[in-house]
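First up is the structure itself, then whatever we jot down about it.
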Amino acid sequence: MATEVQGIEAAEAEGEGVRRRDFINIAAVSFAGVGGLAVLFPLINQMNPSADVLAQATTEVDLSAIQAGQAIKAVYRSQPLFVRHLTDKEIAEADAVDVSTLRDPQTLEQRVVDGKKHWLITMGVCTHLGCVPLGAGEGENRGEYGGYFCPCHGSAYDTAARIRKGPAPKNLVVPPYKYTSDTAILVG
Amino acid sequence: MSFPWAEHYTPKNPLMKWVDEKLPLPRLVYNAVGAGYPVPRNLNFFWNFGVLAGLALTIQLVTGIILAMHYAANAGIAFDSVEHIMRDVNAGWLLRYAHANGASIFFIVVYIHIFRGLYFGSYKAPREMVWLLGVVIFLLMMATAFMGYVLPWGQMSFWGAQVITGLFAAIPVVGEPIQTWLLGGFAPGNAALNRFFSLHYLLPFVIAGVIILHIWALHIPGSSNPTGVEVKGPQDTVPFHPYYTAKDGFGAGVFMIVFALLVFFGPNMLGHPDNYIAANPMSTPAHIVPEWYFWPFYAILRAFTMDLTIPFTGIVLVPAKLLGVLAMFASILLLFFLPWIDTSPVRSGKYRPLFRKFFILLIVDVLILGYCGGAPAEEPYVMISQLAAAYYFAHFLIILPLIASFERPDPLPGSITEAVLAKSGLTVDEAKPVAAAAE
């Protein structure tokens, strides 16, 4: 004990020793810590999508050949995109639903471009776990609400591609797109 | 550590003496799985499955390293390279079938090993750490098996990757960026395939490392036994070698017969035919199922079809998708708490009449979950999964603690030796002159 007390007194008298070493320790460990984090960032970030994956991020779709009641599958960001030409009956069905009863409340108008109510463009990716719902291909099961039906876990979407039944939490996602002419859209 | 009466390693050969002084590795092996490790004398055949799991891992490592010499981890050619292994590589079909069925038999063995631990209370003090490390190994196995199933890049591979990484997208706010980060793209692609291959090669070695910790932790208190009564003296144990090396050798023989039957007579019995169709990102198979060993957990995932809401307001607290994901992870993670959930001081189910009944119900429940997980997402399977999932959680969170406080256990034997001798109608005192006469 005696020597320790003397040591501290001596250190205080000199203004260095114990406290100076503490400072060096904290500074060195902090510096190494910041350096470690700086190295960690590229190691984690390398797993994000690379430039070539990001480059394939827009898609053009020609609408002219799609008949009313028909739908096609296009590819957007290597995922399926549903482009559907709604019939008047399907629009009426979608409009007849009381929006407040929906799991993800949206009207058909909110999901299409103004004045283009016949064209429903959504991702073909079920919002549950990412399967491709049926209903865009010829003769596929459209489920009990006449829109899309996901075979994986039984989610059913209506004619506005809104979730009506099953485990999916959200409506099929409407990607960002714009009309480049009356019969063509650019997605992305 | 060991019991004081454990045999000591005494190399007689001068070369082995020289090695022992420089690097006591043979000594380590002798004390771990040789004559230097005293083991309860009454272990039954359920105690074979730890060694068998190690054998299964070895088969996976050897066949896997060889398969990696012929496989190409590129989304463009992965599927074809697997067909190349099957058709062109010498004995390639054998190696691939051994690896694919090796995964199945690894899980069969590990599930029996886990249920052995559940029945005989192997998770209880002082072996909690053994159990915790075992659950870690189980989680690593599941991750490894999942990533391995993606590598052939068939339809089930692709959509399995989509669904499983989609689990992470259920996390609020950060979920979708996490999924994109895991996949390295917006859907499974070349980036995902490459990283899964890298990790599928790495994780088995991590598993091997954790197995060493698992065995290390086991050897501190020593192996448990069917009576659950701790070792009290030298008469309760036999050396691991030759007694249990012989018994495990017999077990390994039976294991290899079953394995060979699978590989040679039913190599695709446990697989799904859709995985022989090349991955197609534009079309989901009509019925996505994971490999059979994930079915019980898949059933729990799918059991949640309703949001958790505040009653009468319609405000969603937790969406159904997130509930399913949380329940699936919780069903495994709750095993980490098992040593503290089951507070009964009696280890072995042999002396717990009430526990034994509910243990059988749990097995039936898990089998029902497994059946529903492999069935399509329709009624009545959804309803049955919901009931079975509820029972699974009830077993661990309600029934086990209740049994512990209400049950009156059967009388325990005074020692392992007493339990063994009772089988021949002898008491310890009666047996002594017999033993003396034999000497």
Problem set entry | B:Val206, sole failed condition from (1) touching a Phe, Trp or Tyr at 6+ places or on another chain (Cβ under 7 Å); (2) closer than 17 Å to B:Phe146 by Cα; (3) of a type outside the set (Ser, Thr, Tyr); (4) at pLDDT 95 or above | (1)
Exercise. Given the structure, is B:Val382 among the β-branched types (Val, Ile, Thr), out of contact with any strand residue (DSSP E or B) (no Cβ under 6 Å at 6 or more places or on another chain) and surrounded by 18 or more Cβ atoms within 10 Å (Cβ to Cβ)?
Worked result: yes
Exercise. Any chance the stretch B:27-45 includes a residue that's on the phi < 0 side of the Ramachandran plot, surrounded by fewer than 16 Cβ atoms within 10 Å (Cβ to Cβ) and free of Cβ contacts under 8 Å to residues at least 40 places away in the same chain?
Worked result: yes
For this session: Check whether at least one residue in the stretch B:256-266 is in a helix (DSSP H, G or I), at pLDDT 95 or above and under 30 Å from B:Gln162 (Cα atoms), and report yes or no.
Result: yes
Exercise. Within the stretch B:358-380, how many residues are more than 13 Å from chain A (Cβ to nearest Cβ) and either of a type in the set (Gly, Ala, Ser) or farther than 21 Å from A:Gly166 by Cα (or both)?
Worked result: 13
Seminar exercise, completed: Inside the stretch A:123-148, the number of residues satisfying the requirement of being within 15 Å of A:Ile91 (Cβ to Cβ) and buried (at least 24 other Cβ atoms within 10 Å of the Cβ) is 1
Problem set entry | Members of the stretch B:253-288 that are more than 24 Å from B:Asn190 (Cβ to Cβ), within 14 Å of chain A (Cβ to nearest Cβ) and either buried (at least 19 other Cβ atoms within 10 Å of the Cβ) or of a type in the set (Gly, Ala, Ser) (or both) | B:Ala286
For this session: Scan the stretch A:62-82 for residues that are in a strand (DSSP E or B) and in contact (Cβ under 8 Å) with a residue 60 or more places away in the chain and report the count.
Result: 8
Exercise. In this structure, is B:Ala68 in contact (Cβ under 8 Å) with a residue 12 or more places away in the chain, surrounded by fewer than 16 Cβ atoms within 10 Å (Cβ to Cβ) and within 25 Å of B:Ala208 (Cβ to Cβ)?
Worked result: yes
Seminar exercise, completed: Restricting attention to the stretch A:73-106, the residues that are within 14 Å of another protein chain (Cβ to nearest Cβ) and crowded, with 18+ Cβ neighbours inside 10 Å number exactly 9
Exercise. Among the numbered criteria (1) loosely packed, with under 15 Cβ neighbours inside 10 Å; (2) more than 14 Å from chain B (Cβ to nearest Cβ); (3) closer than 22 Å to A:Ser64 by Cβ, which single criterion is violated by A:Leu120?
Worked result: (1)
For this session: Tell me which residues, restricted to the stretch A:149-165, are under 20 Å from the mean Cα position of the chain (by Cα), within 14 Å of chain B (Cβ to nearest Cβ) and assigned to a loop (DSSP other than H, G, I, E, B).
Result: A:Cys150, A:Cys152, A:His153, A:Ser155
Seminar exercise, completed: Only one of B:Trp47, B:Trp93, B:Trp5 is over 29 Å from B:Val135 (Cα atoms), in a helix (DSSP H, G or I) and among the aromatic types (Phe, Trp, Tyr), namely B:Trp93
Problem set entry | Residues being at pLDDT below 95 and either under 16 Å from B:Gly121 (Cβ atoms) or part of a loop (DSSP other than H, G, I, E, B) (or both) - total across the stretch B:359-398 | 6
Exercise. Among the residues of the stretch B:138-151, is there at least one that is of a type in the set (S, T, N, Q) and at pLDDT below 95?
Worked result: no
Exercise. With B:Asn194, B:Asn275, B:Asn190 as the choices, which residue is in contact with a strand residue (DSSP E or B) (Cβ under 6 Å, 6 or more places away or on another chain), under 30 Å from B:Gly175 (Cβ atoms) and not acidic (Asp, Glu)?
Worked result: B:Asn275
Exercise. crowded, with 20+ Cβ neighbours inside 10 Å and closer than 22 Å to A:Gly166 by Cβ, is that true of B:Met306?
Worked result: no
For this session: Go through the residues of the stretch B:335-358 one by one and say whether even a single one is of a type in the set (S, T, N, Q) and under 18 Å from B:Ala390 (Cα atoms).
Result: no
Problem set entry | Single residue of B:Leu426, B:Leu402, B:Leu335, B:Leu322 found to be assigned to a helix (DSSP H, G or I), in contact with a helix residue (DSSP H, G or I) (Cβ under 8 Å, 6 or more places away or on another chain) and hydrophobic (A, V, I, L, M, F, W, C) | B:Leu335
For this session: Go through the residues of the stretch B:297-310 one by one and say whether even a single one is under 20 Å from the mean Cα position of the chain (by Cα) and more than 12 Å from chain A (Cβ to nearest Cβ).
Result: yes
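The values are calculated or read from the model by the stated rules, or taken from the named source; none is laboratory data. Keep in mind that what you see is a predicted model, and the values were worked out from it rather than measured. Cβ: placed from backbone, ideal geometry, glycine included. Neighbour counts: every protein chain shown.
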